[in-house]
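S.K.: Structure provided below as structure tokens; questions to follow.
The values are calculated or read from the model by the stated rules, or taken from the named source; none is laboratory data. Remember, it's a predicted structure, so these values are computed and weren't measured experimentally. Quick reminder, even Gly has a Cβ in these numbers, built from the backbone with ideal geometry, and neighbours come from all protein chains shown. Heads up: the accessible areas ignore ligands, DNA and RNA and are worked out on the full protein's heavy atoms, side chains in. Shrake-Rupley method; radii C 1.70, N 1.55, O 1.52, S 1.80 Å.
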Amino acid sequence: MKHTNAAESLDSAAGGPPRHEWTAEDVAALFELPFPLLLDRARAAHLVHFPVPEMQISTLLSIKTGACPEDCAYCPQSVHFDTGLAPEKLMPLEAVVAAAETAKARGATRFCMGAAYRKPRPHEIARISQMISAVAALGLETCCTLGTLDADQARQLKDAGLDYYNHNLDTSERYYAEIITTRPFAERLETLAEVRAAGLKVCCGGIVGMGETREDRIELLRQLATLPSPPESVPINHLVRVPGTPLADAEPLDPIEFVRTVAVARVLMPASRIRLSAGRSALSDEAQALAFYAGANSIFYGEQLLTTPNPEADQDRALLGRLGITAEAAVGH
Ligand code: SAM
Ligand code: DTB
Ligand code: SF4
């Protein structure tokens, strides 16, 4: 079969170095593989880098909520949409540390602090730097997502002890223009370059189920895999449809297509952690199990994402137990 051969000739799953020069045709050929063959390919890629069935567990905290000036059509925190969300100022240091201690006690190894900013201001960077240092001192990996950063800001966060910076491409460059008008796609690439230059690890992925086409998913994954270095962490979010946002009534993505997206991400970025990110509440245990088999090996753990619900921690513990997947041990600092 033509499409099978095309994809086979492109594989980095055989143990060779990850390749960065994927074309849209290459990526399309992977999507078009019969589902069992795609899973075989993803599984082979996965086992080269992750032979042990372990899940990396992150916990999210919204350290500054709502009233965001951006107009991201999916987001409950944008000031442009009435989602009934109560805005909250930047949290005090002690409250952030208390939340990080709880997350650690529950088994998280990474603590992600998210803020509804377009770009943080100097005094905000100073306060967040204190939070990063305090969370790192607990022995947790640290991650922040604060919007656009310039070179100085990225360096300040690095100096404070930040491990990862999350900044998503969200979707293809073409579809992006229909989803966000207040922040150009190119600015995202610039922020990612500054984050890399500062020596931070990159967490960068996107959202599916926003009414995009498969071509958009292909283009998103191609762009992620061909960044100058692939992101260490790749969150694949399934849109959480929030009433009041323009995407409240978006058609949910077929779970099989969702798993295909995870599997293709795994083949394209074999050494990265692929995170089954927002939207797990809408996926059955079986669909999640299939996504883990297809290469997802990181989740957000805890009842709340930033502003929307996530599966209960007990439910997740039970699911991982049923699947025989253990939690990755803390890395230590
Ligand atoms: N304001 C910063 C920014 O956008 O860069 C950081 C916080 S923002 C909430 C982080 C990411 O959350 C977004 O890039 C988007 O991918 C994801 N996100 C936001 N709302 C979502 C939703 N309803 N469903 C799925 N993912 C969502
Ligand atoms: C990411 O890719 N997903 C997380 C994290 N990065 C910051 C955020 C998901 C947010 C879901 C909507 C909410 O809870 O507000
Ligand atoms: Fe603001 Fe981030 Fe939400 Fe966009 S995704 S509206 S930048 S909080």
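S.K.: Of all residues in region 177-230 being open to solvent by 30 Å² or more (accessible area, probe 1.4 Å) and acidic (Asp, Glu), which is farthest from Leu149 (Cα to Cα)?
M.R.: The qualifying residue farthest from Leu149 (Cα to Cα) is Glu215.
S.K.: Considering only residues of region 57-70 that are within 11 Å of ligand 1 (Cβ to nearest atom) and in contact with a Phe, Trp or Tyr (Cβ under 8 Å, 6 or more places away or on another chain), which is farthest from Arg275 (Cα to Cα)?
M.R.: Checking each candidate, the answer is Cys68.
S.K.: Oh, and also: Please go through (1) modelled with pLDDT under 95; (2) farther than 20 Å from Thr213 by Cα for Phe292 and return the number of the only condition it doesn't satisfy.
M.R.: All conditions pass for Phe292, except number (1).
S.K.: Just one of the numbered conditions (1) open to solvent by 60 Å² or more (accessible area, probe 1.4 Å); (2) within 20 Å of the chain's Cα centre (by Cα) is not true of Gly84; which one?
M.R.: (2)
Listed here are the residues, each with its yes/no results for (1) in a loop (DSSP other than H, G, I, E, B); (2) farther than 24 Å from Tyr164 by Cα; (3) modelled with pLDDT of 95 or more; (4) within 16 Å of ligand 2 (Cβ to nearest atom).
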| site | (1), (2), (3), (4) |
| --- | --- |
| Ala7 | no, yes, no, no |
| Pro18 | yes, no, no, no |
| Glu21 | yes, yes, no, no |
| Gln56 | no, no, no, yes |
| Asp71 | yes, yes, no, yes |
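S.K.: Would you confirm, using the coordinates I've provided, whether Ser272 is under 23 Å from Ile63 (Cβ atoms) and either more than 17 Å from the chain's Cα centre (by Cα) or not charged (D, E, K, R) (or both)?
M.R.: No.
S.K.: Report the residue count in region 87-109 for those that are outside any loop (DSSP other than H, G, I, E, B) and open to solvent by less than 20 Å² (accessible area, probe 1.4 Å).
M.R.: 3
S.K.: Please work out if Leu320 is open to solvent by 10 Å² or more (accessible area, probe 1.4 Å), touching a strand residue (DSSP E or B) at 6+ places or on another chain (Cβ under 8 Å), more than 16 Å from ligand 1 (Cβ to nearest atom) and aliphatic (A, V, I, L, M).
M.R.: Yes; evaluated as a whole, the condition is true for this residue.
S.K.: Taking the residues in region 292-316 that are outside any loop (DSSP other than H, G, I, E, B), without any contact (Cβ under 8 Å) to a residue 60 or more places away in the chain and open to solvent by 10 Å² or more (accessible area, probe 1.4 Å) as candidates, determine which candidate is farthest from ligand 1 (Cβ to nearest atom).
M.R.: Asp314
S.K.: Still on this structure: With respect to Arg127, is the statement that it is within 19 Å of Ala271 (Cα to Cα), open to solvent by 10 Å² or more (accessible area, probe 1.4 Å), in a helix (DSSP H, G or I) and among the basic types (Lys, Arg) true?
M.R.: Here the answer is no, as Arg127 does not meet what is asked.
S.K.: Could you say which residue among Thr191, Thr213 is among the hydroxyl-bearing types (Ser, Thr, Tyr), free of Cβ contacts under 8 Å to residues at least 60 places away in the same chain, touching a His at 6+ places or on another chain (Cβ under 6 Å) and closer than 27 Å to Phe81 by Cβ?
M.R.: Thr191
S.K.: Can you tell me which residue is least open to solvent (accessible area, probe 1.4 Å) among those in region 110-124 that are free of Cβ contacts under 8 Å to residues at least 40 places away in the same chain and not in a helix (DSSP H, G or I)?
M.R.: Residue satisfying both the conditions and the ranking: Pro120.
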